[in-house]
Amino acid sequence: MSGSGSPERFALRYDETIEKSLESIEKLLKARYTFSKRMIALLLLQQDEEIMKMVKLREREFPRIFAVIQNTRSQYKDPLRYVITLQTHQKSKEILAGVVKDSDKKKRLHSVLDRLTIQPLTGIPILLLVLYFGLYKFVGQFGAGTLVDLIEGKLFEAYINPWVNQVVGNLIPWPALQTLLAFDYGVVTLGLRYAVAIILPIVGTFFLAFSLLEDSGYLPRLALLVDRLFKKIGLSGRAVIPMALGFGCDTMATLVSRTLETNRERVIATLLLALAIPCSAQLGVVLGLLSAKPLALAIWSGFIILLFLLVGYLAAKLMPGKKPSFYMELPPLRMPKLSNILEKTLSRMQWYFIEIVPFFILASVLIWAGKITGAFDAVIQATTPLMGALGLPSKAAEIFLFGFFRRDYGAAGLYDLQKSGVLTGVQMLVAAVTLTIFVPCIAQFAIMVKERGWKTALAIACFIFPFAFFCGYILNQALALLGLTF
């Protein structure tokens, strides 16, 4: 580092219009504040809610202050918060340029990489490479394929489940209690097997890949790349963060959607997360099961992407509100640090695992109670005509019942169903599409209620439930009409 300067040299000055507005507001501020009057005026121009409320209570001249704010806003086509942020960022770059000296080679490399990742011509192929190696190869084939086969097939199926079945059968004389703990729907043999042997490897590989991308600084550039497309569906590029996180866990992503600028964006993002963003378990299972059928995988991907764009576009047209603006600080691209990646991955896996194990155990208990009382079989029997309309066997109703408790529970059920040879290739594709856009699980619905309110959460769920089966029906009919088999 080199260079020095006085505070005056680094004084942050905005353009003439903003500076005049700041000066006018400062003169009208008569009360005493913890911050400087310039800072208060700057926050007022950016319409900070807390500062606006405080100044409104303390200042008699607030109507005149507000008139200055409105007059300043009218002179820019972009929101003042965006304009001020851009000017602050530019001044910061000028200051850094005076005190930080990078080698020309390093500067050129950063500049080239920046352009490559945010320009559509090169950024889209880079994104496709990231999706291919990060999601398809690493999460889908390695996580949902190699690791799941190793843990579920060679550990649970070969050793743990037979041992648990034998011990429970020998030590517990009551059949009802036996089926609670072991056999087809037991807490250990079904619930814990799903959580540890099928879900954990997929979630672990996804969060590892996500942490790597996050630590590299790629995600903000991805947000910039997709901003123009996202504006067509009522979102800004900033929404790529909760959307990307939704591929890990939609519950967590719904919580993160609160960072979006407007309520309109938050509602659209919540709808799209519930409808068309598969969690890592769903995604990993589908990629793993369809990887041997490239055409089926392409149809599944195209169908889900089309729904995402179509529903988002219609929601943006129908929902009132102004179009989103977008600005985001671009951190430098850097080589990811292994310690950061491992720390982020482990903390997310811990959070996820603590959340899902109780749900999986509860789901196993409820399914056991349903089997004992006959309610489980009654639901399956009642949904047989619906399964028939989708071209699916009645046993497929189980995975939708599982998916109601948790998306990943349903994904694990789909894995079991395919492994048992119940589904044909076409049925597998129809089931995968319908399950992907099926109603949000209990955990996600609870967060939707907390973040968006009961009315919005119920409206989204009531729309998605019939829409998912309608889409499955249309897909099944289209495949039959085209005579496609896999």
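Just so you know, all these numbers are worked out from the coordinates, no wet-lab data involved. Just so we're clear, the structure is a prediction, and the values are computed from it rather than from any experiment. Counting neighbours? That spans all protein chains shown, and the Cβs are built from the backbone with ideal geometry, glycine included.
Among the listed values (i) 0.94; (ii) 1.05; (iii) 1.03, the one matching Rg/Rh (Cα atoms, Kirkwood Rh) as calculated from this structure is (ii).
As a proxy for reagent exposure, Y136, Y415 were ordered by neighbouring Cβ count within 10 angstrom, fewest first; the result is Y136, Y415.
Say a site is exposed when it is one of the GluC sites (Glu not before Pro), sits in a DSSP loop, and has at most 11 other Cβ atoms within 10 Å; what is then the longest site-free stretch of the chain?
Result, exposed sites excluded: 9-328.
When +1 charges are put on Lys and Arg Cβ atoms and -1 charges on Asp and Glu Cβ atoms, the dipole computed for the chain relative to its Cα centre reaches about 1700 debye. Of all complete DSSP H helices in the chain, those with a Cα span along the helix axis of 27 Å or greater and a mean Kyte-Doolittle hydropathy of -0.5 or more are 80-99, 294-318, 338-373, 454-482.
Of L22, Q75, T88, which is farthest along the charge dipole of region 16-101 in the positive direction, counting Lys and Arg as +1 and Asp and Glu as -1 at C-beta? Working it through, the farthest residue towards the positive pole turns out to be L22. Along the charge dipole of the chain, Cβ charges K/R +1 and D/E -1, which of T434, T384, P332 sits furthest on the positive end? Most positive-ward Cα: P332. For L155 and L346, a Förster radius of 22 Å and the Cβ-Cβ distance give a FRET efficiency of 0.55, rounded to the nearest 0.05. Estimated from helical segments only, the mean residue ellipticity of the chain at 222 nm is -21500 deg cm²/dmol, where each DSSP H run of four or more residues counts as -39500 (n - 2.57). For T424, the amide hydrogen comes within under 5 Å of no other amide hydrogen, counting only partners 5 or more places away or on other chains and with H modelled in the peptide plane.
Under the criterion of Cα pairs below 8 Å and six or more residues apart, the relative contact order for the chain equals 15 percent.
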